[in-house]
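Below is one structure, written out as C-alpha cells; comments come after it.
Every number in this text was worked out from the coordinates using simple rules, so none of it is lab data. What you are looking at is a predicted structure, and each value in this text was computed from that prediction instead of being measured. Note that each Cβ is placed from the backbone with ideal geometry, even for glycine, and that neighbours are counted across all protein chains shown.
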C-alpha cells in the first residue's frame, strides 16, 4: 500500500495574527509562555492523554481518539472497530473525539488516514484489552456490516450540538472587522462608535479588530460602526482572468522552492524520434470547500487557561496555534471539537478559534464566533488552481514517452499509472494569488483530470476505444479491476449513443474508475448517468463507504461543471451561495456503484479518492458528445 | 415581544431588523435551526411558519409574531419521531447532519401538503436545500420512504 505523502498544502498557511504581548490584558500570563516555541514538526510528539480505552464496571466502553467527525463516518467506524475486537454490542461503545485534554494525539484528520492508521490503533488496543490478536477479516462480526451513523437520532431531532451550537453561561457573540479586499492593510480604525453602544466590548490588537455583544446582531452593528470610518491601504491583485498566465509567469524553477522532478529514461529523445506526438494543456480553477457549517468557535478563559470548542480537522494543531497566539503553554489550552458540519479538507486551521479567544479575553466572558458565509468564502482557503502541460509519444496503441508538467496544483498522485519507457513528471511551485490549502482529494483530482483527459486524447490519436487503450497500457491489477467493473456496470462495450466517457485513477491506496453519460442542454452539459467502481481493500462499513462514494461523485459534479472562484481587484465576484453554483438534488443523475470488497487487503480510507475520477469521466463524455475537447475544470463549452 | 414556538409561548428581545434565526438560537436556545448562508439560499435555517417552510435567516422576527413556529425540536411527539425523522434514520440519510433539520422540516411540510408525492414533486420541494456532503440519494430515499415508497435512492 502506498505510504502517505503529506500534502504540501496541508498546513501551509496558519492564521496570521500577531498579538501584542506587551498589552496590559496579557500581563497576567507573562512568564507562562515556556512552550511557545513549539516547532510545527513537534506537534505529533506533543501527545494528549495516552489512554485509548476505558472499560467501566457496567461494561460501557469509552474509546478515545484525536480524530474528528465531520461527516466522513469516523465516529461510527471507530466504534465498530472497538466493538469488533472487544466482542461487545455497538451500543456499549462511547467514542470521545478530539478533546485535547482527554484523547491521544492521532494527528490531523486528513489524508484519508483514519481508516489505515487510527482504526488499526483502536483495534489493537481493544484486542489487547481482551488479550488476543485483532480479528481476522474473515471472522468479522461487526466490521464489514453496514452500520448507519451512531449519532443518527441526535441529528434527526436537532439535539446534536455542532460547534456553532455550543452555549456557555454569560456567553457573548462576536463579530470581526474584515478587510475589504485581499492584500488590504488596516491604517486606522476608531473603536469609539462601537464602544458607545450598550453592552458592546470592542478590541483592536495589531491587525485584529472585533466586537462582542449579547447578540450577534448587536456585535455586527458594532463592527459596522467601526467599519464605516476605518481606513485601509490596498494593493494590486491579479484577477481570475489572468490566473493561468500569472501561475506560469511566477513558476519557481529554482531557488527557495525548487520543482519536484521525476524522470525515467530520456523523454526528450523518445519524443524527438517518435512518429506520433500529442500535446495539450489543461487548467484547474480554485474552488471553495463551502461546508454547510462555516468556521465556528466558542472560547472561554478561566484565569490563565483557555478552553475552545471549535470545528477543526486539526485539534492539536489548533491547540498549538492558540498557545502560540496567546503565549501560553499548550497544557493551558484545551481544544474540543464537537462533530462538525462538514470539512472536506477546509478546516485545518484555527483562525476562528484565535479570534473567539481574543474577544473572550477582552470581554472576560465566553464568546461565540461563527463566520458568515461571505467570510467563509473569502477568508478561508481554496483548493489550489493549476495549469498542466502534457506531451506524449505513441507507437500504435502504446505510450512510449510521457512528459507531464503541473504548475501549482500539488504533487499528490502526479505519477502516471500507465506503463511508459520514458517519463518526466514535474511539479512547479507558483505564486498563488489566493490562500491555498487542502481539499478532498486535492492534487490527485487535478493530476487525474489532466492525465485522464489526455489519455483520452491519446486513445483518439491511436484510433482506439478509450477503455481498450487504457487496458492496453495499464498493468496494475487493482486499477484494471475497477476499470473493468465500472465498464461492465455501465455496459460500456454495448453503448452506441453519443456522450459517454470514462476515467480511472489511484490515490492513497484506493482504486477508482468511473463512466459518465452526458447530454448538452441549453448549452451546458448535464450528467444523465454515472457509474463508479471503487476498491479500497477490505470494506469496514459498507453503508458509510457507499455514502462517501455517492457524496464524492455528486460533490465532484460541482468541481467538474460549475464551481470556480472568480476574483478581481482583491474581491471575490461569486463568494455567495447565490452566485457559486454547487450541486443540488436536481443535479443528481442515476448512479451505479460497484464496491469491490478485498478482505485480503488492508482497508484504505475512502473519503477522498472516489472524487478524483469524476471530472475526467465527465469531460471525456462531453468530448464524445460535442467533438470538442474540454481542457478546463470546470468544463467550459465553446 | 412574544413568539409561539413548538406550541409554547416565549418572550424574546425585540431588535428591529433582527432575524428569526438569530432570535430562536440566541434568545431561546433553539439550536436545531442552523445558519448556512444568511441570504435564504441553502435552507439550513428552515422552520415552519403555520406549517409552511420559510428561511428563518431572512425572516424578520416581527414577521413570525402571532404565528405558529415549528422547529426540528418540535417535530417528534412524546418521544416518537415524526415519520420523516424516522425515515432519515432508517435510510442513514445524513453525513455531517448539518442540513438535516432543514431537509426534514421541508419534507414534512411537503408530505402534509401531498401525501404521495412524485419524485418530481420531492425534487422540486427539496432542490433549494443544500447538502454539501451531497448525501442527496439517501435524502431522496428517506422522503420516498416517509411517503410509503421503499424503493430507495438514485441507484442503478
Fewest to most Cβ atoms within 10 Å: A:203, A:333 sort as A:203, A:333
Residues A:535, A:235, A:300 arranged by fewest to most Cβ contacts within 10 Å
A:235, A:300, A:535
In whole Å, what is the distance between the alpha-carbon centres of segment B:75-110 and segment A:154-198?
30 Å
What does the structure give for A:72-81 when I average, per residue, the other chain Cβ atoms found within 10 Å of the residue Cβ?
1
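Rounded to the nearest 5, what is the percent of antiparallel bridges among the DSSP beta bridges in chain A?
Values: 72 of 99 bridges.
Roughly 75 percent of the beta bridges in chain A run antiparallel, per DSSP.
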Taking R0 as 60 Å, what FRET efficiency do you get between residue A:128 and residue A:460 from their Cβ-Cβ distance, rounded to the nearest 0.05?
0.60
Can you tell me the relative contact order of segment A:292-393? Whole percent, Cα pairs under 8 Å, sequence separation 6 or more.
36 percent
Point-to-point label distance, residue B:62-residue A:578, nm (Cα→Cβ direction, 7 Å offset)
2.1 nm
Peptide A:540-550, shielding by other chains (average Cβ, 10 Å cutoff)
3
Compute the long axis of helix A:119-129 from its Cα atoms, compare it with the longest principal axis of the Cα atoms of chain A, and write down the angle in degrees, 0 to 90, nearest 10.
70 degrees
To the nearest 10 degrees, how steep is helix A:216-227 against the longest Cα principal axis of chain A, on a 0 to 90 scale?
90 degrees
From the Cα centre of segment A:587-638 to that of segment A:549-576, the distance in Å is 16 Å
Extending each Cα 7 Å along its Cβ direction at residue B:11 and residue A:196, get the distance between those two points in nm, one decimal.
3.1 nm
Expressed as a whole-number percentage, the relative contact order of segment A:541-587 with C-alpha contacts under 8 angstrom and at least six residues apart is 34 percent
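Can you compute the helix-only [θ] at 222 nm over the protein assembly as shown? Use -39500 (n - 2.57) per DSSP H run of at least 4 residues, normalise by all residues, nearest 500 deg cm²/dmol. Can you show the working numbers first?
Numbers: 19 runs with 208 residues, N = 794.
My calculation for the protein assembly as shown gives -8000 deg cm²/dmol from helical runs alone.
Arranged by the count of other C-beta atoms within 10 angstrom, fewest first, what order do B:30, B:123 take?
Numbers: B:30 22, B:123 18.
With the fewest neighbours first, B:30, B:123 line up as B:123, B:30.
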Ranked by how many other beta carbons lie within 10 Å on average, peptides B:95-104, A:273-282 from highest:
B:95-104, A:273-282
Round to the nearest 10 and give me the degree value, 0 to 90, for the angle of helix A:74-86's Cα axis relative to the longest principal axis of chain A.
90 degrees
At what distance in nm do the modelled label points of residue A:415 and residue B:39 sit from each other, each positioned 7 Å from its Cα along Cα→Cβ?
4.4 nm
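Give me the percent relative contact order of chain B, please, defined on Cα pairs under 8 angstrom at least 6 residues apart.
On the way: 282 pairs, mean separation 34.1, N = 156.
For chain B, the relative contact order is 22 percent.
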Between segment B:16-71 and segment A:47-115, what is the separation of their alpha carbon centroids in Å?
35 Å
